[in-house]
């Protein structure tokens, strides 16, 4: 696996990537600046932001961290690369999920081919849709590796019904379990790095790494902090959990069995 950005390449090789997500629809420059500054001070690996050229241009001036834009729109992706984005993530399918639309593997592959044609050799991450059964997720992951995709990301169960805290907690736990299960099997089937996302927090960093992840994506857990100092401390906590990872493989197996997700 080779990435154009040496800083990111080394982080993925060391399997200690922390991707900080400012929010796929977040264009609040003040909040984005706070998160970006916290990520830089805490030495996160890179930022994942909305595919908005104004946001990209601002962050390229404001932050020295590598910048990833997330989108499923080829034109938005192309424009953001011109604006200075360092890598692309094809994901954020919740736009489709909210409308009850679920892309097939074939449709996703065709979209990726179109985007690769537009952006050339720019590093590319693709989120594997959660609703595909595990065998199809693995086959898709292997084909994406063949196509030259650099990084894969797993996601959990999507829902837009988070009205009460107990329900929200249950949904996030289920979502994370699903993402971890996919990480475990996909990481064993490809030779490119896998990022675990969807409800990820500091408590499950060790679990994700022992499931085969080369890194994690954190977003809502940071955006829920009230000050930049709280954000910095939380990112440092996540990084420390990676560096002091002591969970053994049998505990990971037990976690996956207990939280088994039917496919």
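The values are calculated or read from the model by the stated rules, or taken from the named source; none is laboratory data. Quick caveat, the model's predicted, so the values are computed rather than measured. Cβ coordinates were reconstructed from backbone atoms using ideal geometry, including for glycine residues, and neighbour counts include every protein chain displayed.
Observations, loosely collected:
- Restricting attention to region 9-23, the residues that are farther than 17 Å from residue 196 by Cβ and either at pLDDT 90 or above or surrounded by 15 or more Cβ atoms within 10 Å (Cβ to Cβ) (or both) add up to 3.
- Test for residue 35: is it part of a strand (DSSP E or B) and touching a residue at least 12 places away in the same chain (Cβ under 8 Å): no
- Candidates in region 232-263 are the residues that are in contact with a strand residue (DSSP E or B) (Cβ under 9 Å, 6 or more places away or on another chain) and modelled with pLDDT of 85 or more; of these, the one that is surrounded by the most Cβ atoms within 10 Å (Cβ to Cβ) is 235.
- Residue selected from region 206-221 under the condition modelled with pLDDT under 90 and within 14 Å of the chain's Cα centre (by Cα), by the criterion surrounded by the most Cβ atoms within 10 Å (Cβ to Cβ): 219
- Residue check, residue 33 over 13 Å from the mean Cα position of the chain (by Cα) and surrounded by fewer than 23 Cβ atoms within 10 Å (Cβ to Cβ): yes
- Filter pass, residue 174 being closer than 21 Å to residue 209 by Cβ and modelled with pLDDT under 95: yes
- Yes/no for residue 229 being in a helix (DSSP H, G or I) and modelled with pLDDT under 90: no
- Filter pass, residue 21 being in a helix (DSSP H, G or I) and under 26 Å from residue 140 (Cα atoms): no
- Selection count where residues are surrounded by fewer than 20 Cβ atoms within 10 Å (Cβ to Cβ) and either under 14 Å from the mean Cα position of the chain (by Cα) or in a strand (DSSP E or B) (or both), scope region 39-65: 0
- Residues of region 79-103 satisfying the condition of being surrounded by fewer than 18 Cβ atoms within 10 Å (Cβ to Cβ) and under 17 Å from the mean Cα position of the chain (by Cα): 94, 95
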